[in-house]
């Protein structure tokens, strides 16, 4: 190391300096300190080029302070040092480019409050120019490996998001959510979401805005996060997201859809990677999403076909085809047919709750065809295919009326019980009413929402009552509406007006009459 007095004109900045904007107040304060006490720590430089040119390794602010003194020391009446501050004492060393970069990082990133994207660019430049790994960059920048990778990913965000991150409008946590979101949303949506966050600042958390926008994306599918073995799945009965040996051979043929797609899209749909490794998969605040709905639909069809194949191998029962004719699903008391493996039993995709050994009855349904139909002990009222009896037809008509009246009852009762939430602020009511995970059959019909004005506090209170009581009612089997009303009252401790109780009794009677009705022609034929 050699100490020299070198003209300022021969000293240029470190080319790896992350920040180019100087704090004028800081520079002047430093300059006055140098004029009063001298230069307490000499900058380090290296030879660069010819004609005595040098580059600063560190000491950028001190060089700027010397420039300020060179122009102002006389006018300010300051002490003359170092040839009127036209030259600066420095230590000269032989330094490599990487060493120069390290000095710049030490001086700036670890000592000054750089903007997040300035740090990100500095990290990226180090990894690119010096072929450093994220682990090596982590050591230099005083971070862990995962943080370095996260910082570099910030540079993938749209410029608008980076600007709001640097000026403090959004946090790095929100920026990371945007990075996850952009895998399933176009840039236009990202920018619009950013504007909405600014507009709703103070009223709604950025995380809530982002989740709300994602939930409304047409092409995104929310996946199933909670599974008993701790691994996320593509649906309640879907495949594991990290599954590598997915049955791609069972994917449906694209047919005419391929004409509207690019070759890359066709390739992706025909040979999709494991979901967790897919560029269109993301995770936002613990919720998993697929960004290509068509791909998810195709994989779901393939997974259903795979489930049928595996069930057929385990049970020896063939898969249903159209040539098998009419069918009815087996009920629980038709178990002897299943145990005997009747030759006319078939498997099809469906949800049967049959509880037969060796079958996932949430995916695979056992049905009777041909001669097996005549040996069934009970004719299910929810069967499909084949010729339905008059009794079945009557029950179907009754179920249709029941489902309409059930929703009407629930909605009428919400008007009775909404007072229990009278003191809850509207903003809180809206946050409590999150319908994402509620099945379509249990949601308030859109006609009722529109008629009651779904924005106001009254509606929000009724919606909250609806959510509270819906577990005491069922869409899938016919039950006494009067009994359900009793359950509502027991749950909420809110009594029902006599007029509603009377109307419910009339509905039950009407439904029961329809269920027992059998056509006159059928009765005559039996005689």
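Of the peptides 303-310, 116-123, the ranking by mean beta-carbon count within 10 Å, highest at the top, reads 116-123, 303-310. Note on region 180-258 and region 329-352: Cα centroid distance 37 Å, given to the nearest whole angstrom. For region 245-337, averaging the sequence separation of C-alpha pairs within contact (under 8 Å, six or more residues apart) and dividing by the residue count gives a relative contact order of 28 percent. A Cα-only calculation for the chain places Rg and Dmax at 36.2, 128 Å. Seen against the Cα atoms of the chain and their longest principal axis, helix 24-37 is set at about 30 degrees.
The stretch between residue 468 and residue 432 holds 11.9 nm of extra length on full extension. This uses 0.36 nm per residue minus the Cα-Cα distance. How high is the relative contact order of the chain, given as a whole-number percent (alpha carbon pairs under 8 Å, six or more residues apart)? Rounded, it is 8 percent for the chain. Taking packing as the residue-averaged number of other Cβ atoms within 10 angstrom, the listed peptides 194-202, 209-217, 269-277 run from highest to lowest as 209-217, 269-277, 194-202. I'd like the FRET efficiency for residue 510 and residue 297, computed as 1/(1 + (r/R0)^6) with the beta carbon distance as r and R0 of 51 Å, rounded to 0.05. For R0 = 51 Å, the calculated efficiency reads 0.80. Return the FRET efficiency for the residue pair residue 447, residue 195: r is the Cβ-Cβ distance, R0 is 35 Å, and the value is rounded to the nearest 0.05. With a Förster radius of 35 Å, E is 0.60.
Can you give the FRET efficiency for residue 219 and residue 12, using 1/(1 + (r/R0)^6), R0 = 45 Å, r = Cβ-Cβ distance, to the nearest 0.05? That gives a FRET efficiency of 0.30.
Of the residues 148, 284, the one with the fewest other Cβ atoms within 10 Å heads the list, and the complete ranking is 284, 148. The fewest-to-most ranking of 347, 485 by surrounding Cβ atoms within 10 Å reads 347, 485.
Once the Cα atoms are used to define both axes, helix 116-129 deviates from the longest principal axis of the chain by about 80 degrees.
For the peptides 466-476, 64-74, the ranking by mean Cβ contacts within 10 Å, running from highest to lowest, is 64-74, 466-476. Ordered by the count of other Cβ atoms within 10 Å of each Cβ, fewest first, 283, 231 give 231, 283. Helix 498-516 and the longest principal axis of the Cα set of the chain meet at an angle near 60°.
Where a number appears in this text, it was derived from the coordinates with a stated rule and is not lab data. As the structure is a computational prediction, the values presented were derived from the model and not from experiment. Cβ: placed from backbone, ideal geometry, glycine included. Neighbour counts: every protein chain shown.
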